Each structure stands twice: as structure tokens, then as C-alpha cells.
Amino acid sequence: MLKYTYMILEGRTLAAQIRQTLPQRAQVVRQKLGRPIRLAAIGSTEDYGAYVYLKKEVQAAEQIGVQTTIFEVNNQTSAAHFLTLVETLSADKQTDAILIPRPLPEHLSQTDYAARLAPQKDIDGMSNTNMGNLFLCKTWDQITQLGGFVPCTAMAVVKLLSFHKIPLCGKETVVIGRSSTVGRPLAHLLTCQNATVKICHTKTDLPRAVKDADIVCSAAGSPRLLQASWLPTGTVVIDISTNWQNNHLSGDAVPEDLQARGISYSPVPGGVGPVTLAVLLENIILSGERKIL
């Protein structure tokens, strides 16, 4: 039986590198501001998994010296109250960073809150200003000079590929998922790294779309969606999804099947997730540092 060589593109080492200097940087900001960096998180209690993850993010921020407050919203929260909260925190000089994880209750997600979110506090790059500035960029140099924020998961994928020395220039790259938080910004970041990018969605013929792919980034949130048999040997799979299945976390692909075909991949958990959190924490620090420059 032919054996193939593959790599496991773990993210914990990179995440540790990003987080290593954050407590010291937070302390410098605290000394110059006369107070700790302050994070305000607006989280929905309607999605248990997302809310639990938000609390983990907040705890991680506190561990590096950030002062945090969670503002809870739910199905009973009025749109007017939600928008006022976003506007109040955006205008508050004592609030440095704002995090609004999704999903939100539907009636809140349909508001124009992203237009009211202060871009200099928008650490996950979801505001109209940050998202618009991102899509105006054509090159990676332009992105690094933005001075704003880029969606954390999308940036984490690019950082993970770079850390493992996976070349992007000219590579046939497929992004499965077209969300405004992951799929579309990721596709744009990859394009700015000179990859040739195809965006897939629920109406795409996936086996055909990925048959010649060098890199596949899957953020569909559907266990076993991406079949190893569709992929050429040597493909790199970045599995972004975290699905709760049979009492454990899984991605969109089956690791054992990928290994059998010599396909390198990022594991779930332990791949993109830790890097995303590290990027988020660094953005919180940046929100404070930019006030003292």
C-alpha cells in the first residue's frame, strides 16, 4: 500500500508566539493611559456555544491585563436598546475595544449596527469602515498599512499558512463559505497574497470546484462535507469550522481520510482556533496602543 506524506498544521505554537508579549504590551499601555485597556463585549445569550466561547475570550483578555465587561442581549432586547448600546460604547472615551460576536438574535442582526460601530474600537473588523477599507486594498502591503482591523479568523488563516511556509502566490485556492465574517474577507486576503481564489457556497458543485485545488479553506460548518476523495494528493486543507458532533469537536473534513491521501490539514481543535484567539487578543492591545501613539 502506497504511503503519502502529509503535515498537521497545528496552530498552538503560533498562537503562543503571538500571545507571548501581550501582557507586557498591555502593562505599557496601562502605565501611559493611567488605567487598563478596556474591552466591552456585547454577547447573545440565545446561542449557548457562542456565549460560552465569548466568556473564554473575555477570560483570556483578563489574563493579559485587560479590563472587561459583557453586555448581554437576547430575543427580548429591543433593536433600539441594542443600537443605543453600540453607539454609547463607541463614543465612550473609557472604552478602547468592542467585540460583538455572532450569531445575534435575528432582529438585532438585521439592524445597521455595523455602521454605528467605531472602527478604531472594532477589533474583529466588522464595521462598515473597516470592512470597506479592507476591500479597497489590492496588495498585502496595503492591508498591513491600513491602521484598522481585519476579521480575526480570516487573518488567522493567512498567518497559519505563512507560519507553516505554505506558499500562496499563484496557487489555486478554494474558500468554502461566503459569510461576511470569514469566507469573503478570507478570499480577499488570499487574493491580496496573489492566490487565485474561488468562493464556494451551498449551490456550488464542490467535487468539481476542489478537484484541482492546491489549498482548500473550509468554513461551511458542516461535518464530513469536504471529502478527501475529491482532493488531489498534496492539497492543503485549512479546516476553519468547529462542529459539535458525537460529544466532540470536529471540522468539515475527516482527518484520517485526509491523511490516507497525503493531504496536509489544520486540526480541529488546535488549528485555526487558537490563532484566531491570539489575533483577537493582539487587536485588543492594538486598540489601546493606538491611543498612546
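The values are calculated or read from the model by the stated rules, or taken from the named source; none is laboratory data. Quantities reported herein were computed from a predicted structural model and do not represent experimental measurements. Reconstructed Cβ throughout: ideal geometry from the backbone, glycine too, with neighbour counts over all protein chains shown.
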Outside the structural domain of T242 (by TED's automatic domain parsing), touching a Leu at 6+ places or on another chain (Cβ under 6 Å) and either free of Cβ contacts under 8 Å to residues at least 12 places away in the same chain or under 21 Å from N283 (Cα atoms) (or both): does that describe S127? yes
Only one of (1) within 20 Å of R38 (Cα to Cα); (2) of a type in the set (D, E); (3) surrounded by fewer than 15 Cβ atoms within 10 Å (Cβ to Cβ) is not met by D112, so which one is it? (1)
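The rows are residues; the columns are (1) of a type in the set (A, V, I, L, M); (2) more than 17 Å from the chain's Cα centre (by Cα); (3) under 23 Å from T144 (Cα atoms); (4) crowded, with 21+ Cβ neighbours inside 10 Å.
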position	(1), (2), (3), (4)
L189	yes, no, yes, yes
A195	yes, yes, yes, yes
W230	no, yes, no, no
D239	no, no, no, yes
Does any residue of region 55-70 turn out to be modelled with pLDDT of 95 or more and in contact with a Phe, Trp or Tyr (Cβ under 8 Å, 6 or more places away or on another chain)? no
Please specify each residue of region 222-265 satisfying the condition of being β-branched (V, I, T) and under 24 Å from P167 (Cβ atoms). T233, T235, V236, V237, I238, I240, I263
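Let's see how each residue does on (1) of a type in the set (A, V, I, L, M, F, W, C); (2) outside any loop (DSSP other than H, G, I, E, B); (3) without any contact (Cβ under 8 Å) to a residue 12 or more places away in the chain; (4) at positive phi:
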site	(1), (2), (3), (4)
Q142	no, yes, no, no
V158	yes, yes, no, no
N194	no, no, no, yes
I199	yes, yes, no, no
With respect to T84, determine if the residue is outside any loop (DSSP other than H, G, I, E, B) and touching a strand residue (DSSP E or B) at 6+ places or on another chain (Cβ under 6 Å). no
Quick one: in region 269-293, which of the residues that are under 17 Å from C152 (Cα atoms) and of a type in the set (V, I, T) is nearest to the chain's Cα centre (by Cα)? T276
Quick one: which residue in T45, T77 is in contact with a helix residue (DSSP H, G or I) (Cβ under 6 Å, 6 or more places away or on another chain) and at pLDDT 95 or above? T45
Output for region 96-109, where each listed residue is closer than 23 Å to T153 by Cβ and touching a residue at least 12 places away in the same chain (Cβ under 8 Å): D96, A97, I98, L99, I100, P101, R102, P103, L104, P105, L108
Filtering region 246-293 down to residues that are in contact (Cβ under 8 Å) with a residue 12 or more places away in the chain, part of a loop (DSSP other than H, G, I, E, B) and not aliphatic (A, V, I, L, M) yields G251, D252, R261, G262, S266, P267, P269, G270, G271
Could you grab me the full set of residues in region 112-126 that are in a loop (DSSP other than H, G, I, E, B) and under 11 Å from S90 (Cα atoms)? L117, A118, P119, Q120, K121
